[in-house]
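What follows is a single structure, written as structure tokens, with notes after it.
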Amino acid sequence: MSPLRIIFSIISAIAGFWITLTNLKAAGNLILPYSVGMGIFCGLATFFFVYYSEKLFSDLSAKALVGATVGTGAALLFFLTFAYFSEIIGLSARYPFYTYPIVFLSVLCLGIAVGLKKGGGGESPVNSKNDFFHSKVLDTSAIIDGRISDISKVGFIEGSIIVPQFVIRELQGIADSNDNLKKVRGRRGLEVLKNLQEQKDIRVKIVDKDFSNIREVDLKLVRLAKEFSAHLVTNDFNLTKVANLQGVRVLNVNQLANSLRPVILPGESMKIKVSKAGKDERQGVGYLDDGTMVVIDNGKKHISEFINIIITSVIQTPTGRMIFSKVGDPND
């Protein structure tokens, strides 16, 4: 049982006992069964209130939870003080039996509401379910890739960007790696996060939610996206498959980049530098500005030269596209 549930269970027991004791005194012990039943009912009602409140509070930040706890404590202290002085000055006998439950619940709700507001939890850290646009959950691969920062900068990302703490911890672990390549990638990811937070037109939310019963980071990301009705942004092929199977929409930056590449049709001609030899004996290989590989028949003898080529075919693969061509007229 979590600390929050334990605290509220104790409050439930105190409230139920106090209500029962007050009714016993007011009725001269003549309605003992009714009073006990009333106390049990109020205790159970408070327990169910706590149960569903805990689900709500699990989406809040630590600061908001502290505010709610302080507000609850202040509300309980106020109620006990009110009840104590009512007993001393003899006002409790004049109150109807339902006065204390109403006062207690009213003060409790007010205390929690004020505590949440003061603690920065006036709204959920991610209010994606009420936003017009879906929020976007970023995974490690999308952050390290870095293009998400450029995409959001030009206004193609709508809604909040959600980054869970367990992804940040993963980035920090990569940045602290002894492997120089991993270290560079991790630091690049942290720098991309910083750039996203500095953008005025995008809202980045760091959420503390961690699913302790789930070990795999990929499954945690899918679960988080489902809970907030968010889209998942990733470059991971396997994560894309898992998310699609569970009904989570995936935005793959690589697929977006492939879709934005210029259309090249067979029969078109272009100029390209032959960078290296191909697999076959006479083949040469070149690359377009976007990284697309171009295989050039009879291009091996032109390595390190810029030549005219004619496109013969274009093949689309899961990782991109490959262009096949032949050497064109050098005078074109």
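The values are calculated or read from the model by the stated rules, or taken from the named source; none is laboratory data. Nothing here was measured: the structure is a model prediction, and the numbers come from that model. Glycine gets a Cβ as well: all are built from the backbone with ideal geometry, and neighbour counts include every protein chain shown.
In the range 191-226, how many are among the charged types (D, E, K, R), closer than 20 Å to residue 250 by Cα and touching a residue at least 12 places away in the same chain (Cβ under 8 Å)? Walk me through how you get there before you give the answer.
Let us first name the residues in the range 191-226 that are among the charged types (D, E, K, R), namely 191, 194, 198, 200-201, 203, 205, 208-210, 215-216, 218, 220, 223, 226.
Going one step further and asking which of them are closer than 20 Å to residue 250 by Cα, we end up with 203, 205, 216, 218, 220, 223, 226.
Going one step further and asking which of them are touching a residue at least 12 places away in the same chain (Cβ under 8 Å), we end up with 203, 205, 218, 220, 223, 226.
Residues meeting the conditions: 6.
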Scanning the range 192-212 for residues that are of a type outside the set (D, E, K, R) and assigned to a helix (DSSP H, G or I), the one surrounded by the fewest Cβ atoms within 10 Å (Cβ to Cβ) turns out to be 197
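Looking only at the range 279-300, filter to residues that are among the charged types (D, E, K, R) and surrounded by 12 or more Cβ atoms within 10 Å (Cβ to Cβ); which one of those is modelled with the lowest pLDDT? Talk me through it step by step, then tell me what you get.
Taking the range 279-300 as the starting set, the residues that turn out to be among the charged types (D, E, K, R) are 279-282, 289-290, 297, 300.
Now drop any that are not surrounded by 12 or more Cβ atoms within 10 Å (Cβ to Cβ), which leaves 282, 290, 297, 300.
Values: 282: 90, 290: 77, 297: 93, 300: 91.
Looking at the filtered set, the residue picked out is 290.
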Mind telling me which of the residues 137, 192 ends up being under 17 Å from residue 236 (Cβ atoms), at pLDDT 90 or above and in contact with an Asp or Glu (Cβ under 9 Å, 6 or more places away or on another chain)? 192
Based on this model, can you work out whether residue 184 counts as among the β-branched types (Val, Ile, Thr), under 18 Å from the mean Cα position of the chain (by Cα) and not assigned by TED's automatic domain parsing to the domain that holds residue 290? no
Filter result (among the hydroxyl-bearing types (Ser, Thr, Tyr) and in contact (Cβ under 8 Å) with a residue 40 or more places away in the chain) within the range 133-178: 135, 140, 141, 149, 152, 160
Within the range 215-266, track down each residue that is part of a loop (DSSP other than H, G, I, E, B), of a type in the set (Val, Ile, Thr) and within 13 Å of residue 137 (Cβ to Cβ). 248
Quick check, is residue 276 in a strand (DSSP E or B), loosely packed, with under 13 Cβ neighbours inside 10 Å and touching a residue at least 24 places away in the same chain (Cβ under 8 Å)? no
